[in-house]
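Q: Here it is: the structure, laid out below.
The values are calculated or read from the model by the stated rules, or taken from the named source; none is laboratory data. Predicted, not measured: the structure shown is a model, and the values here were computed from it. Neighbour counts are summed over all protein chains in view; Cβ atoms, including those assigned to glycine, are modelled from backbone coordinates with ideal geometry. Keep in mind that these areas ignore ligands, DNA and RNA; they rest on the heavy atoms of the full protein, side chains included. Shrake-Rupley method; radii C 1.70, N 1.55, O 1.52, S 1.80 Å.
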Amino acid sequence: DKALRAAQEEAARLRSSTARPPAAVSAAVDRASGEVVAVGHCRHSTPVPAELLAKLPDPPVEKRWSVTNCGEVDVASKAMALGSKLEDLVIRTVHAKDGSIFPPCDNCDTWVPGKD
């Protein structure tokens, strides 16, 4: 699918240009346009919109990291800042080290749209 390919391409680009790429790379496709609207990664600094923050689990389900740490949060935040609606997004995440599918963590599994 288009989001998966975009995430894999970004992971490959990061592997070739970064000494230590992030663990996860995500991409979002807006179903309304069919276009890749954002790519992102874990350990980001993108501001998270209030609408998305309200959907994140509180308290966190996954205890190993913050609910805002994940690539899915980064890519959804970027896409929403560009005008996409959260419910219109298809988000896919891959391991940056090899481009293999990185399933949503327990936190992201509660809110990530378009998983199916």
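Q: So, with a 1.4 angstrom probe, what is the percent of accessible area on the chain that is carbon and sulfur?
A: Numbers: 3240 of 6130 Å².
Carbon and sulfur: 53 percent of the exposed surface of the chain.
Q: Continuing with the same structure: What percentages, rounded to whole numbers, describe P(r) for the range 75-116 computed over all alpha carbon pairs with 10 Å bin width beginning at zero?
A: P(r) for the range 75-116, in whole percents per bin: 27, 51, 22, 0.
Q: Another one. Check cross-link reach from K85 to the aspartates and glutamates: straight Cα distance under 19 Å, and skip same-chain residues fewer than eight apart.
A: D30, E35, E51, E72, D74, D109, D116
Q: Farthest toward the dipole's positive end in the range 12-53, which of T46, A19, V29, given Cβ charges of +1 (Lys, Arg) and -1 (Asp, Glu) about the Cα centre?
A: Positive-end residue among those listed: A19.
Q: Write down Rg/Rh for the chain, rounded to two decimals, with Rg from the C-alpha atoms and Rh from the Kirkwood relation over Cα pairs.
A: 0.94
Q: Another question, then. Hey, can you find the accessible area per residue of the chain for me, probe 1.4 Å, expressed in square angstrom?
A: On the way: 6130 Å² over 116 residues.
Using a 1.4 Å probe on heavy atoms only, each residue of the chain averages 53 Å².
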